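Input: a single structure, listed below in structure tokens.
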Amino acid sequence: MTLTTFDIDGLLLIDPRVFSDERGYFLETYNEAKYQHLLGNHISFVQDNLSLSANGVLRGLHFQNEPYAQGKLVQVIKGKVLDVAVDIRKDSPTYGQYQSVELSDANHFQFWIPPGFAHGFLTLEENTLFSYKCTQYYSPENERTIRWNDETLQINWGIDLPIVSKKDTLGEKFVSLHKS
């Protein structure tokens, strides 16, 4: 497996080893011992999620408040997405910055997004199947949403009118995150 780090500390792109032949391919998507070594022994996954989306669907930017903040290991099973992580760690030198990566069934990349980040993705192909492992259970009362098109973040999604849920359309502004 090959690892890529970013200017935003904590984010990690994982390129797993893929074994291909005339029959297709095989890869190990998760091995607890390997991933605990890679991400830290304190990391454990408690919930797996799967979403199916049409082309042009934007989901996010979602996060959960402490102590329910989630780390996520995300990957595409079928299709392609633009995946985005926004640093919302108040004391981070990269607070408010984002990292985007393209994940697909062709590149097999996994993206590790630790707690302290808002997360969202835009599907780039029809019937995209997106998978993510979470380090904390879903807690609706602690979930928050930042507007996908927040003017402060200026995320380049590459699309003007994505398909967005009502909840995501009504997300809060980034500048209001840590106001009392």
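Just so you know, all these numbers are worked out from the coordinates, no wet-lab data involved. Keep in mind that this is a model prediction, so the values were computed, not measured. Here the Cβ positions follow ideal geometry from the backbone for every residue, glycine too, while neighbour counts run over all protein chains shown.
Remark: relative contact order (the chain) = 28 percent; criterion is Cα-Cα distance under 8 angstrom and separation of 6 or more residues. In this rough spin-label picture, where each label sits 7 Å from Cα along the Cβ direction, the A33-N65 distance is 4.1 nm.
Note on the chain: with a GNM built from Cα contacts shorter than 10 Å, the maximum mean-square fluctuation among G56, G40, G24 falls on G24.
Counted residue by residue at 0.36 nm each, then reduced by the alpha carbon distance between them, the extension gain from Q154 to E102 reaches 16.9 nm. Between the alpha-carbon centres of segment 7-58 and segment 111-180 there is a gap of 19 Å. Each eigenvalue of the Cα gyration tensor of segment 1-151, multiplied by 5 and square-rooted, gives one semi-axis; in descending order these are 24, 19, 15 Å. Helices in the chain, meaning DSSP H runs of at least 4 residues, each add -39500 (n - 2.57). Divided by all residues, the mean residue ellipticity at 222 nm is -1500 deg cm²/dmol.
One decimal place: the segment D15-L3 gains 3.7 nm when fully extended, by the rule 0.36 nm per residue minus the C-alpha distance. Available extension along the chain between R144 and R23 is 39.2 nm, counting 0.36 nm per residue and deducting the alpha carbon span. Taking 1 over the mean of 1/r across every pair of different Cα atoms in segment 6-71, what Kirkwood radius in Å do you get? After inverting the mean inverse Cα-Cα distance, the result is 15.6 Å. Counting only lysines at least 8 places from K34 when in the same chain, those with an alpha carbon closer than 25 Å to its own are K72, K78, K133. Summary of packing: across the peptides 71-77, 102-108, the per-residue average of other C-beta atoms within 10 Å ranks them, highest first, as 71-77, 102-108. Most tightly packed first, judged by the mean number of other beta-carbon atoms within 10 Å of their residues, the peptides 137-146, 14-23 read 137-146, 14-23.
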